1. Name the most mobile residue of Y31, Y66, Y227, meaning the one with the largest mean-square fluctuation, in a Gaussian network model of the chain with Cα contacts below 10 Å.
2. Can you compute log10 of I(q)/I(0) for region 9-48 with the Debye formula, treating each Cα as one identical point scatterer, at q = 0.18, 0.24, 0.29, 0.35 Å⁻¹?
3. Determine ³J(HN,Hα), in whole Hz, for all residues of region 244-252 in sequence, where each value follows from phi through the Karplus function 6.51 cos²θ - 1.76 cosθ + 1.60 and θ = phi - 60°; x replaces Gly and Pro.
4. Within 10 Å, count the other beta carbons around each residue, average over each peptide in 209-217, 10-18, and list them highest first.
5. Would you mind computing, in nm to one decimal, how far apart the modelled labels at E61 and E108 are, each placed 7 Å from Cα along Cα→Cβ?
6. In the chain, if the dipole is taken from +1 on Lys/Arg beta carbons and -1 on Asp/Glu beta carbons about the Cα centre, which of A58, L179, N100 is farthest to the positive end?
7. Using just the C-alpha positions of region 1-83 as equal point scatterers, what log10 of I(q)/I(0) does the Debye formula give at each q in 0.25 1/Å?
8. Can you list residues whose amide H is under 5 Å from R70's amide H, if they're 5+ apart or on another chain and H is modeled 1.01 Å from N?
Amino acid sequence: MERKIVGLGEALWDCLPEGKKLGGAPANFAYHAGQFGFDTLAVSALGEDALGEETIAALEEHKLNYLMPRIPYPTGTVQVTLDSQGIPTYNIREGVAWDNIPFTAEIEEVAKNCRAVCFGSLAQRSVVSRETIGRFLDATPSDCVKIFDINLRQSFFTKEIIEASMRRCNILKINDEELVVVSRMFGLPDLDEEKRCKQLIKDYDLDILVLTCGTNGSYVFTADKSYYQPTPKVEVADTVGAGDSFTGSFCAALLKGKSIPEAHELAVKVSAFVCTQNGAMPTLPEDFLV
């Protein structure tokens, strides 16, 4: 089996004001990493329902490979409302298929041949999917890039889930609002953002920490270096999936041998472009993909 880049977790539909669109961080991440020529896979679970069929059709329309067992729970949906700046608010349905991802032999085989995996906290809100994600991560090769895109949503996270995930990853991606929550949760000193990020790198033996700050730019930290990129000014259509496109392109660039600053610059360009498009899975311009 060729080693794959995997998005692992929730598979759902974003029900936006203009209609529903396929979403979920794992599919978005895998889609964008795949645009750079990598063999990618979205791993989740779907319901035995019409929306599950629509999901498969949408994944195939986007030419996105998937491994999503069909199980007797409804396919996931999220009601998304956008404010005047296009910033989304989410109402995420519970008790759905992606809350119950089974750890099948096929999923285990993917884990054993995984080159990079991105996972978050949302899909760990239920014990079944949390155990599957943990078993997947434990089955990956020692050189697998494990990205924890923390992605705090509503109240679907706990200190235990976040801590266990930070111990299992080697790259942490977090935004400025999430950093405030995590800092309070873990009693980090009242330091500036960079010092708190460096403390997390030290405490959890991280290789890289990515901090995004919306219109105020983004930072990439290692134990001994710091990098900054401003956020380009663009006309925003919506910001749904922009963070996932950042993560997917950053991961792809690193795996292509780009330096951290080069990967960071590309990720910023990609996510800014995605903000100018409706939906989470636009086709990237050719000149981004070199």
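1. Result: Y227 has the largest fluctuation of those listed.
2. Reported log10 I(q)/I(0), two decimals: -0.55, -0.81, -0.95, -1.09.
3. Listing the rounded values in order: 5, 5, 4, 5, x, 6, 4, 4, 4 Hz.
4. Highest mean packing first, the order is 10-18, 209-217.
5. The two pseudo-label positions are separated by 3.6 nm.
6. Toward the positive end, the furthest listed residue is L179.
7. Values returned for q = 0.25 Å⁻¹ are -1.22.
8. Close amide H contacts, sequence-distant or interchain: L46.
The values are calculated or read from the model by the stated rules, or taken from the named source; none is laboratory data. None of the values given here were measured: they were computed from a predicted structure. Virtual Cβ from ideal backbone geometry, glycine too; neighbours counted across all protein chains shown. Ligands, DNA and RNA are stripped out before the accessible areas are found, and what is left, the full protein with its side chains, is counted by its heavy atoms. Shrake-Rupley method; radii C 1.70, N 1.55, O 1.52, S 1.80 Å.
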